[in-house]
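One structure is given below, encoded as structure tokens.
The values are calculated or read from the model by the stated rules, or taken from the named source; none is laboratory data. Values in this document were obtained by computation on a predicted structure and should not be read as measured data. Positions of Cβ are generated from backbone atoms using ideal geometry, with glycine treated the same way; all protein chains shown enter the neighbour counts.
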Amino acid sequence: MAPKKEKKEYSMDIVETCENLYIYKQKTYEEISRLTGVPVVTIQRWSEKYEWRSQKLAQIKRRVNYRKNLYELRDQLLDAARMAANPQAIYALAGLQRIIESEEKMKPIEELPAEPEKALGLSEETLKKIREEVYGIREKNGDPAN
């Protein structure tokens, strides 16, 4: 008869690390095992015991809702920027777009336009109106002047 293998005990820090990797980082049991050195079987047992799968699904739903809310807010800010030529809405929209793009890893923030109002496709006439009405800047010979 083979000698009985002694069970190794792990600290709650290790259990929590494995849990976070599974729920929030979407790692597989095998990946978690490679990262932490904890056997896959042990990670599976913890997952069942602490109901990680339901927590992971809830986290995925929260992430989906978060993105949905970002897109809805972006649409509202875009409408406000188009309708009222509101510079605050324009800059809020540009900031929100940076968040969305970084979330989606579409583009690095460095590649985003430095002038968000132009990136929104606002006409030069609308930009002139914003500068005059909001900032009090009057243009002389096509150049903005105070």
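Applying the set (1) loosely packed, with under 13 Cβ neighbours inside 10 Å; (2) under 30 Å from Glu133 (Cα atoms); (3) in contact with a Ser or Thr (Cβ under 9 Å, 6 or more places away or on another chain) to Ala84 leaves exactly one unmet item: (3). For Leu73, the conditions (1) at pLDDT below 95; (2) exposed (fewer than 14 other Cβ atoms within 10 Å of the Cβ) are fulfilled apart from (2).
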